[in-house]
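One structure below.
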Amino acid sequence: MSDCIFCKIINREIPSKSVYETEKVYAFHDINPEAPFHVLIVPKEHIGSHNELTPDNVGIMKDIHLAANEIARQLGIAESGYRLINNCGADAGQTVFHLHYHLVGGKSMGTKIL
Ligand code: AMP
Ligand code: ZN
């Protein structure tokens with residue numbers, strides 16, 4: 001998608017701080033971190049939101065979740081804990097419409113969201 005900021009990051013048209021990359025997934029530091037570690041994990045294929053997952057493309061979720069495990073280990077927060085969050089749509093506050101998971105950790109986050 002030519003006007004998608006995360007597609008531009010994946011294509012290196014916009015700079016980012018890379019954390020992890022495979023053939024299918026890219027992860028980079030969030031520009032506005034909410035915690036000591038705040039990484040965004042995105043599929044390289046443009047998928048607008050969780051709503052756009054289908055039987056044909058949902059296999060990417062395996063890659064995203066395994067990426068999250070590996071990144072948490074690399075950052076040293078696998079044992080202390082972290083949140084893996086997807087915001088889908090306006091009511092959830094989604095601002096970038098390219099599927100992404102926030103991996104947030106490195107501090108006690110206190111009250112649970114749910
Ligand atoms: P969401 O609100 O769930 O759609 O999350 C979008 C996230 O993308 C926010 O946490 C932003 O801080 C982050 N973000 C937006 N632009 C960039 C960028 N150029 N580099 C890194 N993170 C970004
Ligand atoms: Zn995109």
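Bear in mind that the values in this text are calculations on the coordinates, not laboratory data. The shown structure was predicted, so the numbers you read here are calculated from the model rather than taken from an experiment. No Cβ is skipped: glycine too gets one built from the backbone with ideal geometry, and neighbour counts run over all protein chains shown.
Taking a ≥ b ≥ c as the square roots of the eigenvalues of the Cα gyration tensor, segment 5-94 is classed as rounded, since a/c falls below 1.5. Against the main long axis of the alpha-carbon atoms of the chain, helix 60-75 sits at an angle near 40°.
With the cut-off at 1.5 for a/c, could you classify segment 46-114 from its C-alpha gyration tensor as rounded, prolate or oblate? Oblate shape, in that a/c is at least 1.5 and b/c is the bigger or equal ratio. So which GluC sites (Glu not before Pro) in segment 4-97 are both in a DSSP loop and have at most 15 other Cβ atoms within 10 Å of their Cβ? Passing both the DSSP loop test and the Cβ count: E13, E23, E34, E45, E79. Checking the Cα-Cα distances for K17/K62; K44/K107; K24/K112 against a 27 Å cut-off, the pairs over it are K44/K107; K24/K112.
Of the trypsin sites (Lys or Arg not before Pro) in segment 1-73, the ones in a loop by DSSP (not H, G, I, E or B) with at most 15 other beta carbons within 10 Å are R12, K17, K24.
Report the charge-dipole magnitude of segment 21-87 in Debye, nearest 20, computed about the Cα centre from +1 at each Lys and Arg Cβ and -1 at each Asp and Glu Cβ.
120
Using only side-chain charges placed at the Cβ, +1 for Lys and Arg and -1 for Asp and Glu, the dipole size of the chain relative to its Cα centre rounds to 340 debye. Across segment 1-78, C-alpha contacts under 8 Å between residues 6 or more apart give a mean separation that, scaled by the residue count, equals a relative contact order of 23 percent.
Absence of a disulfide-compatible partner, taken as no other cysteine beta carbon within less than 4.7 angstrom, is noted in the chain for C88. In this rough spin-label picture, where each label sits 7 Å from Cα along the Cβ direction, the N87-K62 distance is 3.0 nm. In the elastic network of the chain, a GNM with C-alpha springs shorter than 10 Å, the most mobile of S16, S80, S49 is S80. With a Förster radius of 22 Å applied to the C-beta separation of I14 and E45, the computed FRET efficiency comes to 0.80.
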